[in-house]
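The values are calculated or read from the model by the stated rules, or taken from the named source; none is laboratory data. Because the structure is a prediction, the values reported are computed rather than measured. Glycine also receives a Cβ, built like all others from the backbone with ideal geometry; neighbour counts cover every protein chain displayed. Accessible surface areas use protein heavy atoms only, side chains included; no ligands, DNA or RNA. Shrake-Rupley method; radii C 1.70, N 1.55, O 1.52, S 1.80 Å.
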Amino acid sequence: MDHCSHKPKWLWRKIPASDHTGEVKGLTNQLRLHTVCVEAHCPNQMECYGRGEATFILLGPSCTRRCAFCAVDKSAPVPPDPLEPQRTAVAIAELNLKFAVLTMVTRDDLYDGGADHISKTVLAIREKSPDVGIEVLISDLGGDSDALQKVIFSSPDVLNHNVETVPRLYSTVRPQADYRRSIDLIRRAKQKSSRIVAKSGLMLGLGENRNEVLSVMDELREAGCQLITLGQYLAPSKKHHPVVRYVHPDEFDEYASQAYQRGFSAVASAPFVRSSYR
């Protein structure tokens, strides 16, 4: 399978003004926090940092899984830092965020997948910044229902879990994950809390076809998913899964139309969209 060698014109962009970049970098370094913006090589990093925003990655920066698309470090993980929840809450208050997005590395080495740590972080943010909206982008927690309940108990406003790609590609793209387990997590989250907003997302350009994407949309809606993101996969390096195809912006628009027709309440579908973007 060959890499797409040249990015099309719609994937070239100017570096945006970065008024707050130094502030965000300085604060995260000072508080010894990690961001998915840096660890995952996000193409929107300068834009978000420039607006004084960041998506914090908890329990990291090392992940216990070996997804073929992901740039996050794969070295041996260290024990969770018990002070990370409080430091994250301080950072969110200092940045004066109105909406905070927390994600996590997968921690299959922990008894609850790190759920207790995520819950403590949400509660710490609530205590310091009670009016901040909170989204948690979690792993599948190994399918542990009790672990999921811990996260839901902390009452995040949005619970996000990305299916990432279509079932056929899991064996090569996400060999340690399970598509059905991911769909079931969203279903169980809505069963446990009708108040919580469920969200998921896919990367396009990994080798999926249109019918497969639409089928995933149908399954997400059936599970109770309300928000969906679709973005272009960009390989972090030549060692990662290749980009099979660059999806034209018009196709992203058509997928957005299909998602709305299926009843999603909000859709973000464009080449640079990522699960925590804006």
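Okay, residues lined up against (1) part of a loop (DSSP other than H, G, I, E, B); (2) open to solvent by less than 50 Å² (accessible area, probe 1.4 Å); (3) of a type outside the set (Phe, Trp, Tyr); (4) at pLDDT below 80:
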residue	(1), (2), (3), (4)
Ala17	yes, no, yes, yes
Gly22	no, no, yes, yes
Thr28	no, yes, yes, yes
Val38	no, no, yes, yes
Met46	no, no, yes, yes
Tyr49	no, yes, no, yes
Ile57	no, yes, yes, no
Cys70	yes, yes, yes, no
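Residues in the range 146-181 that are hydroxyl-bearing (Ser, Thr, Tyr) and in contact with a Ser or Thr (Cβ under 6 Å, 6 or more places away or on another chain): Ser154 only.
Among the residues of the range 180-196, what is the count of those that are in a helix (DSSP H, G or I), open to solvent by 20 Å² or more (accessible area, probe 1.4 Å) and out of contact with any strand residue (DSSP E or B) (no Cβ under 8 Å at 6 or more places or on another chain)? The number of residues fulfilling the criteria is 7.
Taken over the range 213-246, the residue count meeting the criterion of being in contact with a Pro (Cβ under 7 Å, 6 or more places away or on another chain) and more than 30 Å from Ser193 (Cβ to Cβ) is 4.
Filter the range 86-105 down to the residues that are β-branched (Val, Ile, Thr) and either in contact with an Asp or Glu (Cβ under 7 Å, 6 or more places away or on another chain) or open to solvent by 20 Å² or more (accessible area, probe 1.4 Å) (or both) and list them by number.
Listed by number, the residues that qualify are Val90, Val101.
Residues are listed down the side, and each one gets a yes or a no for (1) at positive phi; (2) open to solvent by less than 50 Å² (accessible area, probe 1.4 Å):
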position	(1), (2)
Glu208	no, yes
Glu251	no, no
Glu254	no, no
Gly263	yes, yes
Ala266	no, yes
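Considering only the range 146-179, state which residues are part of a helix (DSSP H, G or I), within 19 Å of Gly207 (Cα to Cα) and among the polar types (S, T, N, Q). Scanning the range 146-179 gives Ser171, Thr172.
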